[in-house]
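Peer 1: Below is one structure. I have some questions about it.
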Amino acid sequence: MTKMIKCVSCGADYEAKLVRCPYCGTAPLAAEEDEYMDKLEDVRRDLEEYGSEGSRELKRGLGKTALITIVALLVIAILIACSIWITGAGRRSDGQRKKEEFLTNQGITTGMLEESVYAV
Ligand SMILES: [Zn+2]
């Protein structure tokens, strides 16, 4: 036999499984509490979903930030390598220029040196 409850508002008897009185729509205190708890549970679930989505987005954001950082570091490394290479090349050509200056002072030009190489 189905359990019947008496409506606290209109006094009609109705099935206990019904959340509200089918006659006046009043919910008994226990049912109202259940409904409230259900809504609260929904809100909690929504918050949880939002939270996990938020952390997922945060992770995605962190992934993007990490990628940008790696690219930035690579660019910086390339720039440093280039500046070292340019400085090194500058030093090399500086040394070459000094050698040429010395040879010119000796009355010898690199052209002459090359000619002598061909002569031999
Ligand atoms: Zn009622």
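The values are calculated or read from the model by the stated rules, or taken from the named source; none is laboratory data. None of these values were measured; they are calculated from a predicted model. Please note that ligands, DNA and RNA were not included when accessible areas were found on the heavy atoms of the full protein model with its side chains. Shrake-Rupley method; radii C 1.70, N 1.55, O 1.52, S 1.80 Å.
Peer 1: Check the straight Cα-Cα distances from LYS64 and name the aspartates and glutamates below 18 Å, setting aside those fewer than 8 residues away within the same chain.
Peer 2: Within reach: GLU53.
Peer 1: Another one. Given the whole protein assembly as supplied and a 1.4 Å probe, what does the accessible area of LEU103 come to in Å², nearest 10?
Peer 2: Looks like 20 Å² after rounding.
Peer 1: For region 4-111, what is the accessible area per residue in Å² when the probe is 1.4 Å? The partial results should precede the final answer.
Peer 2: Details: 8920 Å² over 108 residues.
Per-residue value: 83 Å².
Peer 1: Using a 1.4 angstrom probe on heavy atoms only, work out the carbon and sulfur share of the accessible area of region 4-111 in %.
Peer 2: Numbers: 5600 of 8920 Å².
In region 4-111, the share of accessible area belonging to carbon and sulfur is 63 percent.
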